[in-house]
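Below is one structure, written out as structure tokens; comments come after it.
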Amino acid sequence: MKITAVKGFPVKVGHRNCFIIKVETDAGISGLGEGGISGRELAMQGALEHFARILIGLDPRRIEHIWQRLYRGHYFEGGKIVGGTLSAIDMALWDILGQALGVPVYQLLGGACRDRIRCFATPASLTGPECVERAREFVAAGWTQLRFTTGLAEEGWTGDSGSIYEPSESLDLAAHWICEVRRAVGTAIRLSIDFHHRLSVAEAAVFCQRIADVGLEFIEEPIRAQSPEAYRQLRQMTPIPFAIGEEYANKWEFLPFIEGGLTNFARIDVSNVGGLSEAKKVAGWAEAHYIDVMPHNPLGPVCTAASVHFCAAINNFAGLEYSHRNAKAYPRDLFPTFPEITEGDSFPLPTAPGLGVTFDEDAVKDHPFEMWDAPHWRRRDGAFTNW
């Protein structure tokens, strides 16, 4: 079997774009992948064009060999764009192998460690009483693990500069409303908060002290993840568990956070970290340090499918992110089949060969790529701040 074509499709899916790739072979089997650097789809397309020149003619079943060749094949190793593009290629190769052998991808990753893949939902932002009502609704629907965001819930998706995020104000709201949510849902529901790396060490420490008795499962990405030393300082200031890693583009970026005991949940993103091949390596490394895996998964259906297979095949799994908002926006003409949660909080084990997602190239024209940037937030004094 040989690779005959490698195609990239930056397409509009819901409120933002996705980067879908398709790897074709001379055996009539095609595999799908998804790159995770949202807002930089054209950059991944450019990287894919470089990689395609290497991929044409290779045997797609040599997955680890191809990973190493693409990663090490030029002087400048690593980086987010390379990681996202390599992730998409790697997914597609596993998809091809699964289809060729007639088995779901998780069987190729070691087989199922569980019967269902439990997910956590994100009902609302901690900005007002609606977050309490949404929490009650999700619990009534069978969800036992809820994560909340902070700041503005829906504004700023067009990348405008009119949205305000003032940390002190946001922390006041978040501290108040997470306490109200806890009172509403009881102690059996697992609660957590995602700060999207918006805080300083001091701000994060103060917040953790204020809500110490809420019983949070974790605080996600409270500060920027480039500095292990900053997380080491914050670790000394709070016992609340951390969930870190969604931005990491390879195993080496995870190294100080796993070896240094700085994260309690590894937020591996299979569309960023280097695909399923690299994700399995990081998961095994985390297991050796008693760290559970909680994959980051906010994008398209191909990444969701790959994440489900990944979660099925690892033992140290704590929960998969699932975005109701995004899943409802997946266009059926573009993705005729993909994994869905139809009831409760879990995916059943996939049964279709490969990843179990189909993609209609002819529908791409109906979902044209649109330039999109992440929301541009500012503080009240006009200074730019993290989204």
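Nothing in this text is a laboratory measurement; each read-out follows from the coordinates by a stated rule. Computed from a prediction, not measured in an experiment: that's the story for all the values here. All Cβ positions, even for glycine, are placed from backbone atoms using ideal geometry, and neighbour counts span all protein chains on display.
Beta bridges from DSSP with both residues in the chain: antiparallel share about 50 percent, rounded to the nearest 5.
Taking Cα atoms only, the orientation of helix 301-312 departs from the longest principal axis of the chain by about 80 degrees. In summary, the aspartates and glutamates within cross-link reach of Lys7, defined as a Cα separation below 18 angstrom excluding same-chain residues under 8 places away, comprise Glu24, Asp26, Glu34, Glu41, Glu49, Asp59, Asp90, Asp95, Asp360, Glu361, Asp362, Asp366. Determine, from the Cβ-Cβ distance of Thr351 and Thr4 and an R0 of 41 Å, the FRET efficiency 1/(1 + (r/R0)^6), rounded to the nearest 0.05. Once rounded, the FRET efficiency stands at 0.90. Inter-part distance, segment 96-154 to segment 42-77, computed on C-alpha centroids, equals 31 Å. Please work out the FRET efficiency for the pair Arg61 and Asp360, using the Cβ-Cβ distance as r and a Förster radius of 30 Å; give the result to the nearest 0.05. Efficiency at R0 = 30 Å is approximately 0.70.
In a fully extended conformation the segment linking Gln226 and Ser200 would gain 8.1 nm over its present Cα-Cα distance, using 0.36 nm per residue.
Could you tell me whether segment 79-201 comes out rounded, prolate or oblate from its Cα gyration tensor? Rule is a ≥ b ≥ c as square roots of the eigenvalues, rounded for a/c under 1.5, then prolate if a/b exceeds b/c, otherwise oblate. In terms of gyration-tensor shape, oblate.
Would you mind ranking Lys328, Lys2 by Cβ crowding within 10 Å, fewest neighbours first? Intermediate values should be presented prior to the final figure.
Details: Lys328 8, Lys2 12.
With the sparsest Cβ surroundings first, the list reads Lys328, Lys2.
Could you work out how far helix 41-55 tilts from the main Cα principal axis of the chain, as a 0 to 90 degree angle to the nearest 10? Rounded to the nearest ten degrees, it is 30. Pull out a ≥ b ≥ c, the square roots of the eigenvalues of the alpha-carbon gyration tensor of segment 3-103, then state rounded if a/c is under 1.5, prolate if not and a/b is larger than b/c, and oblate in the remaining case. The shape class here is oblate.
Each listed q (0.09, 0.13, 0.17, 0.20 Å⁻¹) maps to a log10 I(q)/I(0) for segment 215-355 from the Debye sum over equal C-alpha point scatterers, namely -0.28, -0.57, -0.92, -1.19. Working from label points 7 Å from Cα in the Cα-to-Cβ sense, the Met371 to Ile54 distance is 3.1 nm. Report summary: the helix-based calculation at 222 nm, which adds -39500 (n - 2.57) for every DSSP H run with n ≥ 4 and divides by the residues of the chain, gives -11000 deg cm²/dmol. Among Glu180, Glu217, the ranking by other beta carbons within 10 Å of each residue's beta carbon, starting with the fewest, stands as Glu180, Glu217. For Arg378 and Asp172, the difference between the fully extended length at 0.36 nm per residue and the C-alpha to C-alpha distance is 72.4 nm.
Per-residue Cβ neighbour counts within 10 Å put Leu349, Leu199, Leu216 in the sequence Leu349, Leu216, Leu199, beginning with the fewest. Between the helical axis of 167-185 and the longest alpha-carbon principal axis of the chain there is an angle of about 90 degrees. A crude spin-label estimate for the pair Leu255 and Lys281, with each label 7 Å from Cα along the Cβ direction, gives 1.1 nm. Hydrodynamic analysis of segment 205-260 uses the Kirkwood radius over alpha carbon pairs. Inserted into Stokes-Einstein at 4 °C and 1.567 mPa s, it gives a translational diffusion coefficient of 108 µm²/s.
In terms of its C-alpha gyration tensor, segment 283-374 comes out prolate, because a/c is 1.5 or above and the ratio a/b outweighs b/c. Under 30 Å of direct C-alpha separation, and excluding same-chain neighbours fewer than eight residues apart, Lys2 reaches these lysines: Lys22, Lys80, Lys251, Lys280, Lys281, Lys365.
Calculate log10 I(q)/I(0) of segment 81-146 for q = 0.13, 0.17 Å⁻¹, where I(q) comes from the Debye formula with a single equal point scatterer on each Cα and nothing for solvent. Those come out to -0.66, -0.78, one per q. Against the set [x] 210; [y] 156; [z] 133, the structure's computed volume of the Cα convex hull per residue in Å³ falls on [z].
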